[in-house]
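A.B. asks: What follows is a single structure, and I will ask about it in a moment.
The values are calculated or read from the model by the stated rules, or taken from the named source; none is laboratory data. If you're wondering where the values come from, they're calculated on a predicted model, not measured in any experiment. Cβ sites come from the backbone with ideal geometry, for glycine too, and all protein chains shown count toward neighbours. We work out accessible area using only protein heavy atoms, side chains counted, and drop any ligands, DNA or RNA first. Shrake-Rupley method; radii C 1.70, N 1.55, O 1.52, S 1.80 Å.
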Amino acid sequence: MPANHPPANGLFTTFCLGSYLLSLSYGATFLLAMMLRAQGASEADAGSVISVAMLSTFVAVIFSGHFTDLIGAPKAVAAGAVLLAAACLGFAFAPGFGSAMVLCGLVLGFGWGVFYTLGPIIVAMLIEPARRVKYFALLSGSMMTGIGTGPLLGRAAEALGYPVQAAFVAAALASLLGGVLFLLMGPRMQRAKTAAVAVCKITPAAARAVLCSRAAFAILMVGLGGAIFGGLSSFQTSFASARHLDYSLFFLGFMSAAISCRLLVAGFIVKRDPYRMACLLTALMVLSVLMFQYGVDGTVSYLLAAVVLGVGYGLTYSVINGLAANEAPPGLTAQSLLLFSLAYFVGVFGFPLLAGKVIVEAGMPALLQWLLVIAVVNWSITAGRLLWRRLQVVATA
């Protein structure tokens, strides 16, 4: 394959399509709170279902490398697609909150963890290092589009007179189709491969070394950012219902802003001073939470708050992802990125457990106060790092 051309015959386009289809299943989980509430359960129950996925995701991320060594990355992703489809069908047909619903959350974590880990590894196999940043952004944009489309399936189902469970069935079918695409792409990926990429395996010693390095700040920040994203997205149907708004506006605004920024602006942002950019972008996340808490009083303000969150969160992720790689100890970049992914899953899957309980016991305003504290802590890390760097410059001058 020529070095200055993307994978031949639309292979990467098909890869992005498959990634989009698989991501619909995770996006559909943002409808769980609304569906369970209609069945007599609560936001706390929805948080429990989502959070159990954190446990299985940990296992999937850590052992996906061993699984891939056995059957290859495309087949491993296809297996993950089957698990995602099974989880969505379980959500659709479970009689209500109970052990079956929790089991579906566990299955979801296995499927999503495998795909989320192996997607970038496949990109690294197909694309030479000099051009990977662009293609990582395309993969990220495809996944974010699928995540944002998932909840919109629920809105479409309601508009057509179907129950919200129909959205989970549609997401399951999309996951199966995505799995088929990855199976079909397998032989072509093998021929188009530009490098042999070893799947990262982590040890306690490597984890300790990474967490004692400057990369630990980025790892902590992605967990905090994931908590903000997971808290707002998982219970957005409850937020919108309380204010008589259409929850689809949040996902449209967030998705459009996050995708546009990651595809069009991220390349410029990552070339700037990462400490300054992280400080600016996390400040936007603080502003967004403040808008949700005090400024949303209609459709326009609701959409604007979602857009601000999409810009801040979408670009912050790209910046701190680079910091996690660049500030890792020598030879431990892959392990740092693995811990970065694990921290993200702790936030995005783990925090909804607390968020659901807060909503039930104290209401949505209390959750927004919690999220504001998290957002301010996240921003404070970036401001503190900027200040520390300046003090070091003054001390050495």
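A.B. asks: Does segment 237-296 come out rounded, prolate or oblate by the C-alpha gyration tensor, with a ≥ b ≥ c the root eigenvalues, rounded set by a/c under 1.5 and, if not, prolate when a/b is larger than b/c and oblate if not? Let's see the in-between values first.
C.D. replies: Details: a/c = 4.92, a/b = 1.82, b/c = 2.71.
Judged from the Cα gyration tensor, segment 237-296 comes out oblate (a/c at least 1.5, b/c at or above a/b).
A.B. asks: If each DSSP helix of 4+ residues adds -39,500 (n - 2.57) and the sum is divided by the residues in the chain, what number results at 222 nm, nearest 500 deg cm²/dmol?
C.D. replies: -27000 deg cm²/dmol
A.B. asks: Taking every pair of Cα atoms in segment 33-165, average 1/r, invert it to obtain the Kirkwood radius, and report Rg/Rh to two decimals.
C.D. replies: 1.03
A.B. asks: At q = 0.16, 0.17, 0.24 Å⁻¹, what is the log10 ratio I(q)/I(0) for segment 246-341, with the Debye formula run over Cα points and no solvent?
C.D. replies: Debye intensities relative to I(0), on a log10 scale: -0.70, -0.76, -1.13.
A.B. asks: Translational diffusion coefficient of segment 20-59 at 4 °C, 1.567 mPa s, Stokes-Einstein with Kirkwood Rh over Cα pairs, in µm²/s as a whole number.
C.D. replies: 118
A.B. asks: Suppose we look only past 18 Å in the calculated P(r) of segment 186-323. What percent of the Cα-Cα pairs does that tail hold?
C.D. replies: Above the 18 Å cut-off, segment 186-323 has 63 percent of its Cα pairs.
A.B. asks: Separate question: Please report Rg (one decimal) and Dmax (integer) in Å for the Cα set of segment 61-122.
C.D. replies: In order Rg, Dmax, the Cα atoms of segment 61-122 give 12.7, 38 Å.
A.B. asks: Residue separation times 0.36 nm, minus the C-alpha to C-alpha distance between Leu103 and Arg37: what's the value? Don't skip to the answer; put the middle values down first.
C.D. replies: Values: separation 66, 0.36 × 66 = 23.76 nm, distance 1.87 nm.
Roughly 21.9 nm would be gained on extension.
A.B. asks: At 7 Å along the Cα-to-beta-carbon direction for both Val373 and Glu128, put a label point, then send me their distance in nm to one decimal.
C.D. replies: 5.2
A.B. asks: Please turn the phi angles of segment 15-20 into ³J(HN,Hα) values with the Karplus equation 6.51 cos²θ - 1.76 cosθ + 1.60 (θ = phi - 60°), one per residue in order, whole Hz, x for glycine and proline.
C.D. replies: Result, rounded to whole Hz: 4, 5, 5, x, 5, 4.
A.B. asks: Compute and list, largest first, the equivalent-ellipsoid semi-axes of segment 342-397 from the alpha carbon gyration tensor, each √(5λ) rounded to a whole angstrom.
C.D. replies: 35, 14, 5
A.B. asks: Can I get the semi-axes of the chain's equivalent ellipsoid? Compute them from the C-alpha gyration tensor as square roots of 5 times the eigenvalues, in angstrom, largest first.
C.D. replies: Taking √(5λ) for each Cα gyration eigenvalue gives 30, 28, 19 Å.
A.B. asks: Moving on. In whole percent, and with a 1.4 Å probe on the protein chains, what portion of the accessible area of segment 268-396 is carbon and sulfur?
C.D. replies: That fraction is 70 percent.
A.B. asks: Still on this structure, please answer the following. List the relative contact order of the chain as a percent without decimals, with contacts defined as Cα pairs under 8 Å and 6+ residues apart.
C.D. replies: Result for the chain is 25 percent.
A.B. asks: While we're looking at this one, here's another question. How would you order 90-101, 114-125 from highest to lowest mean count of nearby Cβ atoms within 10 Å?
C.D. replies: Working: 90-101: 16.6, 114-125: 23.5.
Listed from highest to lowest mean packing, they are 114-125, 90-101.
A.B. asks: Now for a different question. Based on the Cβ-Cβ distance of Ala205 and Lys75, what FRET efficiency does E = 1/(1 + (r/R0)^6) give at R0 = 30 Å, to the nearest 0.05?
C.D. replies: FRET efficiency, Ala205 to Lys75: 0.45.
A.B. asks: Can you pull the one-decimal nm distance between simple spin-label points at Arg389 and Glu361, each 7 Å off the Cα toward Cβ?
C.D. replies: Modelled inter-label distance: 3.9 nm.
A.B. asks: Mind checking the dipole of the chain: about its Cα centre, +1 per Lys or Arg Cβ, -1 per Asp or Glu Cβ, Debye to the nearest 20? Mind showing how you got there, number by number?
C.D. replies: On the way: 21 positive and 10 negative charges, 231 e Å.
Magnitude of the dipole: close to 1120 debye.
A.B. asks: Further, regarding this structure: Could you give the length gained by full extension between Phe93 and Thr299, i.e. 0.36 nm per residue of separation minus their alpha carbon distance, to one decimal place?
C.D. replies: Between Phe93 and Thr299, full extension yields an extra 70.9 nm.
A.B. asks: What FRET efficiency comes out for Arg243 versus Asn326 if R0 is 56 angstrom and r is the Cβ-Cβ distance? Round to the nearest 0.05.
C.D. replies: 0.85
A.B. asks: Hey, what do the phi angles of segment 235-243 turn into as Karplus ³J(HN,Hα) couplings, whole Hz, using 6.51/-1.76/1.60 and θ = phi - 60°, x for Gly and Pro?
C.D. replies: 10, 5, 5, 5, 4, 5, 4, 5, 10
A.B. asks: Separate question: Sort Asp297, Asp246 by heavy-atom solvent-accessible area, probe 1.4 angstrom, most to least. Intermediate values should be presented prior to the final figure.
C.D. replies: Values: Asp297 140, Asp246 50 Å².
These residues rank, largest area first, as Asp297, Asp246.
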